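Taking it in order: structure first as structure tokens, then the write-up.
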Amino acid sequence: NSEIPTEEWVQERQHYVGGSQIAAILGESSYSTPLQVWMKKKGIVQHQPSTPITEFGHVFEPVMSEYFEDITGLKTRRVNKPFVHDEHDFLRANIDRMVLNGDGVEGTGVLELKTTNSHRLKALDYQYPDEWEYQVQWYLGLTGYSYAYLFIYERDNCEFYEPIYVERTEELIEDMQRLLIDWWQTHMIGG
């Protein structure tokens, strides 16, 4: 079962907003702008094919989730369908893994897996990027879960970071959902 996104998956993403696009739509991404997201979703600009680095991230996900389980004692499960907002089906979350109830955590959570390089983290003083916070909170908002783990792997040093526990931030989630609904209705529907 391949972790690499299919062309059908890429086409389907034109019809909704997912977690990896949140920071860009909010104008908080170092990789993309709201206009670039809109142009891709409208089909004005073609989706860029995956690169060896993005493919590595997808292929390495099972290894990362297995290692996360080994070091935390928690169990994870892959979810093969998106979580969809109750009222707005264009708001969706495709999470990497679900964290199951276990020692030290109560209820189900989200596991977000990230591969990066030491240069990016060093430039951020070894803090994870805001884009990842928005993405994780987006996932918590749409899943209804109260916590997530962010698990980072540094490709150039072959180093796993300690899993980072992230609590749900209701105010941020509400703000993001309100802004994204407005963005979709104004730009995707309203043109």
> Among the residues of segment 69-96 satisfying the criterion of being in a loop (DSSP other than H, G, I, E, B) and charged (D, E, K, R), which is surrounded by the most Cβ atoms within 10 Å (Cβ to Cβ)?
Replying inline: Asp96
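Conditions tested, residue by residue: (1) surrounded by 13 or more Cβ atoms within 10 Å (Cβ to Cβ); (2) over 17 Å from Ala24 (Cβ atoms).
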site	(1), (2)
Lys114	yes, no
Glu131	yes, no
Ile164	yes, yes
Glu170	no, yes
Ile173	yes, yes
Leu179	yes, no
>> Residue under question is Val59, and the condition is that it be out of contact with any strand residue (DSSP E or B) (no Cβ under 9 Å at 6 or more places or on another chain), assigned to a helix (DSSP H, G or I) and under 23 Å from Arg77 (Cβ atoms); does it hold?
In response: yes
> Of all residues in segment 155-180, how many are under 18 Å from the mean Cα position of the chain (by Cα) and in a helix (DSSP H, G or I)?
Replying inline: 9
> Does segment 181-190 contain any residue that is touching a strand residue (DSSP E or B) at 6+ places or on another chain (Cβ under 6 Å) and either assigned to a strand (DSSP E or B) or modelled with pLDDT of 90 or more (or both)?
Replying inline: no
>> Residue under question is Tyr153, and the condition is that it be surrounded by 13 or more Cβ atoms within 10 Å (Cβ to Cβ), closer than 26 Å to Lys122 by Cβ and without any contact (Cβ under 8 Å) to a residue 12 or more places away in the chain; does it hold?
In response: no
> Quick one: would you say Val99 is open to solvent by less than 50 Å² (accessible area, probe 1.4 Å), over 26 Å from Val59 (Cα atoms) and among the β-branched types (Val, Ile, Thr)?
Replying inline: no
> Only one of (1) modelled with pLDDT under 95; (2) out of contact with any helix residue (DSSP H, G or I) (no Cβ under 9 Å at 6 or more places or on another chain); (3) under 30 Å from Lys42 (Cβ atoms) is not met by Cys158, so which one is it?
Replying inline: (3)
>> Condition first: among the acidic types (Asp, Glu) and assigned to a strand (DSSP E or B). Now tell me which residues in segment 97-144 satisfy that.
In response: Glu112
>> For segment 30-68, give me the residue count where each residue is surrounded by 15 or more Cβ atoms within 10 Å (Cβ to Cβ), farther than 21 Å from Leu111 by Cα and not hydrophobic (A, V, I, L, M, F, W, C).
In response: 5
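The values are calculated or read from the model by the stated rules, or taken from the named source; none is laboratory data. All values reported here derive from a predicted model rather than from experimental measurement. Methodologically, a virtual Cβ is constructed for each residue, glycine included, from the backbone with ideal geometry; neighbour enumeration extends over all protein chains shown. Just the protein is used for accessible areas: all its heavy atoms, side chains included, with ligands, DNA and RNA removed. Shrake-Rupley method; radii C 1.70, N 1.55, O 1.52, S 1.80 Å.
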